[in-house]
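The values are calculated or read from the model by the stated rules, or taken from the named source; none is laboratory data. Note that this is a predicted model, so its numbers are computed, not measured. Neighbour counts are summed over all protein chains in view; Cβ atoms, including those assigned to glycine, are modelled from backbone coordinates with ideal geometry.
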Amino acid sequence: YVHFHSDESLRGKGFIASFKTLPNGCGGYYKSPAGIIHSPNYPQNYDHDADCTWLIEVAVNHVVVLNFVDFDVEPFTNCTFDYVAVYDGPSLNDTEIARFCGSTLPNPPYIRSTSNQMFIRLKADGSVSARGFVANYTTGCGASITVNQEDIGELTSPNFPHYYSNWFNCTWTLTAANPDDRIYLMFTHMDLHSFVPQSSAITAADTNCTTSFVRVQDGDDSDAPVVGNYCLTRVPSPITSQGSSLYVRLQTTPLMLLGAGFRATYSVLSQGCTARFI
């Protein structure tokens, strides 16, 4: 069902869309920020010899978060007969994150990609079939990003420049494609309202940025040396990595007023060269 509605004010070009049918939900290409996928015929048994693939693609510099809500696939040791496999990328050639079978929900039920694409495959043999699966997916914040010498990209808090939500914990890993290069990170906006409670009714500004913050670390994981924690409205100075990676973490909690979040641009700084700005 598609409904188009227009009011009496401004006019635009309208839209054009294409569509195609899929056999009983057997695979598809999904580009919406969130959605639901399921095995063919669900909740009836999937077909013998089914081979269905789903490609999920969300916005650049975000990740796919897949959550299984029902699961029933023929069980067998190492899932060699029927299985659902999840790949960290757009095809079967990418890293297999997990492979599931059986009648219990995958543990953990949430699976995160490291990029904005995830590939899922249901493969069945010709013997036993089962109910199949239902999973929903959402757009997660954070990503692992390889930065080439010509790249200029940006990191933003979810919903920037509008108010962000409580309870975000996002991480980005920026890694230069050339290990001899450096990552150059420049913040352009900072509006993270970090507060600590003083009593049941009073809060104070958290100038140490311990409750809500953007943390930059000089390396590729959470164990790397901390460059700084940043919050409130003071825009940090530009940051250049000592090696080829920077690790950026956004944490927000309910102990604050909501702000616009942050925006930063990143690029590669080559030896003897200057960074580019946007």
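Of note:
- When region 224-241 is filtered for residues that are farther than 17 Å from Tyr184 by Cβ, surrounded by 15 or more Cβ atoms within 10 Å (Cβ to Cβ) and out of contact with any Leu (no Cβ under 7 Å at 6 or more places or on another chain), only Asn229 remains.
- Number of the exception - Phe81 against (1) of a type outside the set (Gly, Ala, Ser); (2) touching a Ser or Thr at 6+ places or on another chain (Cβ under 9 Å); (3) closer than 28 Å to Thr173 by Cα: (3)
- Residue in region 135-146 that is in a loop (DSSP other than H, G, I, E, B), farther than 30 Å from Asp180 by Cα and touching a strand residue (DSSP E or B) at 6+ places or on another chain (Cβ under 6 Å) present: no
- Residue in region 141-153 that is at pLDDT 95 or above, surrounded by 20 or more Cβ atoms within 10 Å (Cβ to Cβ) and over 30 Å from Cys52 (Cβ atoms) present: yes
- Criterion violated by Val86 - all others in (1) part of a loop (DSSP other than H, G, I, E, B); (2) under 13 Å from Lys123 (Cα atoms); (3) touching a strand residue (DSSP E or B) at 6+ places or on another chain (Cβ under 9 Å) satisfied: (1)
- Given (1) polar (S, T, N, Q); (2) without any contact (Cβ under 8 Å) to a residue 60 or more places away in the chain; (3) buried (at least 16 other Cβ atoms within 10 Å of the Cβ), index of the condition Asn78 fails: (3)
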